[in-house]
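The values are calculated or read from the model by the stated rules, or taken from the named source; none is laboratory data. The model shown is predicted, which means the values in this text are computed figures rather than measured ones. Virtual Cβ from ideal backbone geometry, glycine too; neighbours counted across all protein chains shown. Quick note on the areas: whole protein, heavy atoms, side chains included, nothing else; ligands and nucleic acids left out. Shrake-Rupley method; radii C 1.70, N 1.55, O 1.52, S 1.80 Å.
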Amino acid sequence: MSKKPKYVPKRTPKIGSFSFVCLVAIGAIILSSIGDVAPSPQRIFEGIPRLTNLLGRMLPPNMEEEFIFRMFWVLIETMEIAIAGTFIGIFLSLPIAWFSAKGISPLGPFRWLIRGVVSLCRTIPDLVWALIFVSTVGLGAVAGTMTIVVDTLGFCGRFFAEAFEDTDPKAKQAIRTIGGNQWNIISSAIIPEAMPSLINTSLYALERAIRSSVVLGLVGAGGIGQELKVAFDLFQYKNASAIILAIFVIVMAMETLTDWLRKKVS
Amino acid sequence: MADFVPNEIDARFFRERASKHLAINVSGISKRYGAKQILTDINIQISEGERVALIGPNGAGKSTLLKCLVGQEIFDHGEIATLGTSLRAKQPVALLKNLRRSVGFVFQTHSLVGRLSALSNVVHGFMGERGSWRASTHHLAPYSWRLKALRSLGDVQLQDFCEQRVDELSGGQAQRVAIARAMVRDPRLLIADEPSASLDPAAGEDIMKLFSDLSQKNQTTLLFTTHDIQHARSYSDRIIALQQGKVFWTGPSNLFDPDLSAALFR
């Protein structure tokens, strides 16, 4: 049996005074936020009878043939907003990522300008973009598609750039040594190496777009969200429950499809 | 510096060498990174068709010298003529397309694009040619490029693996693909930076033998760096030894004895 060691590290690390103040401040912010806006058990308890009443008025969902047929075409429009918006967004994200990626961008230090634009697209919520586009191009699906394009640009622009930056520098160097130009390096080394990441990010962007497109209608940007808002505004709760069911089915189907595609790619 | 006094046979060797055209003529080049002197007054002549090993301890300046030869590094003093293309001191690193078209370069690690097929990687060897966007993948490449790439893979006994992804090949096989890429344009000069360093001894031996055989078969000038003295002696006609950025010794490979090796690596 060996001797007892001279020094045994402490289980908990020593906390400095600055770290201690920070931890206390974070704790205070969390507790104050919960105290101000989190639901109290009493409020939840009081809400249960109203929820039961609402559910009673929502069920069974409206399954009339004429309504289902009309919703089917609205759902198709919602899918089109998501697919067109995502596709255009991905297409625009590729050059944006090239211009903003470190070590690849032809803009040098000015790549931060492009990064700033991408951050702006990402940080402003999609419903705010939808309001802007509804004011710009009017009510309907076009405003929704433009919203999805900008949202996808903010998301894919950043992750595509990171995927480009993470590619093997040796392969890029080799293409340059052979005599390849910047375009050759991107098409031959960077895009093939980054492809799994690009596909995964694109599939995730499509999932996000499907979820976004169903709520954009709430502010008049087309799709099934508009029908949902009308149903609630006119107290047609059975119609609303049918629409929510349809949204659930479509989102689940899309997630299952993208999961399957992601596994195929990896 | 150890003095090499040529005997009668060696004098004939040098006379024969001098009568041939020079593939590489390095006149008094020096190179410094910040305060560190990497190369000091290097003078080297390599004849066409010659096989030369560049040896020396780590930090001796071998890789920097190779990069200077193909215009990848700017040097501070002196002049280099590689295959008749003149490179002057402090000349900005240009694309030097004509030069790179005539030089094949093999790196320590294979530096291939792992997710692409062996054939596509060999087709990358045509980068810098007219219409080089078609060299991104073999699917886009002209028939003549595909044919030459397949022949080049045949030369390294990998024609049957042409559609295999490079990241599914062994280290030795991947390095052979890199050699096929370097040889696909029938270069007049083949430069290899420690091509066997990342391989096990048996695979390293195979690679060096392949280099030697291909350069002899195609009358290609071969310049390679290595830490393996046995490889340098077996697969080159001449050894150039660098120590602390200066030429320590140069002469026929068979004259590089263990005493010189000990003095070089002490």
Write down the Å³ per residue value for the convex hull defined by the alpha carbon atoms of the protein assembly as shown. 289
Projected area, mean over directions - the range A:181-266, Cα convex hull, nm²: 7.1
If the only charges are +1 at each Lys and Arg Cβ and -1 at each Asp and Glu Cβ, what is the size of the charge dipole of the range B:137-193 around the Cα centre, to the nearest 20 debye? 280
For a test of understanding, tell me how many lysine pairs in chain A have Cα atoms under 22 Å apart, given they are 8 or more places apart or on different chains. 4
Could you work out the mean count of beta carbons from other protein chains within 10 Å of each residue's beta carbon in A:182-194? 4
Chain B: calculated mean residue ellipticity at 222 nm from DSSP helix runs of at least 4, using -39500 (n - 2.57): -10000 deg cm²/dmol
Taking a probe of 1.4 Å and leaving out DNA, RNA and ligands, the range B:137-207 shows per residue an accessible area in Å² of 47
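Report the charge-dipole magnitude of chain B in Debye, nearest 20, computed about the Cα centre from +1 at each Lys and Arg Cβ and -1 at each Asp and Glu Cβ.
1060
May I ask you to compute the full-extension gain from B:Tyr143 to B:Asp257, defined as 0.36 nm times their residue separation minus their alpha-carbon distance, rounded to one decimal in nm?
Details: separation 114, 0.36 × 114 = 41.04 nm, distance 4.94 nm.
Between B:Tyr143 and B:Asp257, full extension yields an extra 36.1 nm.
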Inter-chain shielding metric for B:114-122, i.e. average beta-carbon neighbours from other chains within 10 angstrom, reads 3
Run the simple label-point estimate for B:Asp76 and A:Leu245 please: 7 Å along Cα→C-beta, distance reported in nm. 8.1
Just tell me, in residue order, which DSSP H segments of chain B are both 20 angstrom or longer along the helix axis (alpha-carbon based) and at least -1.0 in mean Kyte-Doolittle hydropathy. B:201-217
Quickly work out the B:His227-to-A:Glu255 label distance, labels modelled 7 Å from Cα along the C-beta direction, and quote it in nm with one decimal. 5.2
Note to self: C-alpha centroids of the range B:206-266 and the range A:120-169 sit apart, in Å, by 58
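Filter the trypsin sites (Lys or Arg not before Pro) in the range A:53-130 to those in DSSP coil with at most 12 other Cβ atoms within 10 Å of their Cβ, and list the result. Don't jump to the answer; show the numbers that get you there.
On the way: sites: A:Arg57, A:Arg70, A:Lys102, A:Arg111, A:Arg115, A:Arg122; in loops: A:Lys102.
Taking the range A:53-130 and a limit of 12 other Cβ atoms within 10 Å, the loop trypsin sites (Lys or Arg not before Pro) found are A:Lys102.
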Ordered by number, the chymotrypsin sites (Phe, Trp or Tyr not before Pro) in the range A:1-55 that occupy a DSSP loop and have at most 11 other Cβ atoms within 10 Å are A:Tyr7
Taking every pair of distinct Cα atoms and averaging 1/r, then inverting, what Kirkwood hydrodynamic radius in Å comes out for the range A:75-265? 17.8
GluC sites (Glu not before Pro) restricted to DSSP loop in the range A:1-67 with at most 14 other C-beta within 10 Å: A:Glu64
Taking a spot 7 Å from the Cα of A:Ile83 along the direction of its beta carbon, which residues of the range A:192-219 have an amide N less than 14 Å from it? A:206-207, A:210
With only Lys, Arg, Asp and Glu charged, each at its Cβ (+1 for the first two, -1 for the last two), find how big the charge dipole of the range A:75-265 is about the Cα centre; round to the nearest 20 debye. 480
